[in-house]
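Comments concern the structure below.
The values are calculated or read from the model by the stated rules, or taken from the named source; none is laboratory data. Keep in mind the model is a prediction, meaning the values are calculated, not measured. Here the Cβ positions follow ideal geometry from the backbone for every residue, glycine too, while neighbour counts run over all protein chains shown. What goes into the accessible areas is simple: the full protein's heavy atoms, side chains included, and nothing from ligands, DNA or RNA. Shrake-Rupley method; radii C 1.70, N 1.55, O 1.52, S 1.80 Å.
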Amino acid sequence: MWDKLKEQFNLLKLEKKKLCLITNSDKFKTKDEFLDAIASALQGGVDVVMLRETIHPDNVIVEIASKIRILCDEYNATFIVNNRPDIAMLTEADGVHLGQKDITPHDARKILGENAIIGKSTHNPEEVINAINEGVDYITFEPIAKNQKITEEYISWVNENIDIPVFLAGEINKKNINNIIQNGTKKVALTNAIMYAKIPEDIARKIFNSLP
């Protein structure tokens, strides 16, 4: 019974979320500029922030994550830490996002508790099914296929067959968002289009308002 309630609670927390910002600080000169971009994106409608950080040492990542936690609380956004359940726990994030080579969702829940939101990156139907069988709460889906037709078939299959929240990832921007939506996509996860925009708020708002 508890597992079912936990599942329903996490799905409810993600049900209305539709625009995920996957962060990247590589092109920012300072931490403040990086955080300002995230704050601007949140003002524009981003409702999930996934902290993906590789260039800073752990103590700095914890500092940044703690500040993003505050920003997300201010804008009622979900805060996810990529790859690092330890930092997610330290900074009271809502959950963690796992890659194909990271620890299992089961082990992540041992660290974060049963109420944590656990997501996973997927790239084809087999990985999607495996992630669902592992009990994740959501997936990001960035199809890797040999040609465009197979990619479109993958996306259609996910949209038609998967019940948990799916955030389509990849090269998504304000120019192709309408075509993506016409194929049935309701949630997207992206980095560059928003993160490195001159005014992240404006681009985030345009993409957010385009989504159903």
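Set against the 2.2 N^0.38 Å expectation for a compact globular protein, the stretch 22-112 has a Cα radius of gyration ratio of 1.04. Given the pairs LYS17/LYS174; LYS120/LYS146; LYS149/LYS175; LYS67/LYS174; LYS174/LYS198, which span a C-alpha to C-alpha distance of over 24 angstrom in this model? Too far apart for the 24 Å limit: LYS67/LYS174. In the chain, the portion of solvent-accessible area held by carbon and sulfur atoms comes to 49 percent [1.4 Å probe, whole percent, DNA, RNA and ligands not counted].
Taking PRO200, PRO125, PRO105 as the candidate residues, the one with maximal mean-square fluctuation in a Gaussian network model of the chain, Cα springs under 10 Å, is PRO125. Measuring how big the stretch 164-210 is from its alpha-carbon positions, Rg and Dmax come out at 10.3, 33 Å. Just so you know, the Rg over Rh for the stretch 119-212 is 0.98, from Cα atoms, with Rh as the Kirkwood radius. Here's the picture: charge each Lys and Arg Cβ at +1 and each Asp and Glu Cβ at -1 in the chain, and of ILE194, ILE103, MET89 the one pushed furthest to the positive end of that dipole is ILE194. Within the shell defined by Cβ-Cβ distances under 11 Å, the residues around PRO143 carry a net charge of -3, with Lys and Arg each +1 and Asp and Glu each -1. Applying 1/(1 + (r/R0)^6) with r as the Cβ-Cβ distance of LYS146 and LYS174 and R0 = 30 angstrom yields a FRET efficiency of 0.60. Ligands, DNA and RNA are left out, and with a 1.4 angstrom probe the accessible area of the chain is 52 Å² per residue. Using a probe of 1.4 Å on the protein chains alone, the accessible area found for PHE141 is around 0 Å². Compute log10 of I(q)/I(0) for the stretch 54-208 with the Debye formula, placing one identical point scatterer on every Cα and leaving out solvent, at q = 0.17, 0.19 Å⁻¹, to two decimals. The computed values of log10 I(q)/I(0) come out as -1.12, -1.31. The separation of the stretch 193-210 from the stretch 49-127, counted between C-alpha centres, amounts to 23 Å.
Among the trypsin sites (Lys or Arg not before Pro) found in the stretch 35-138, those both in a DSSP coil and sparsely packed, with 13 or fewer other Cβ atoms within 10 Å of their Cβ, are LYS101.
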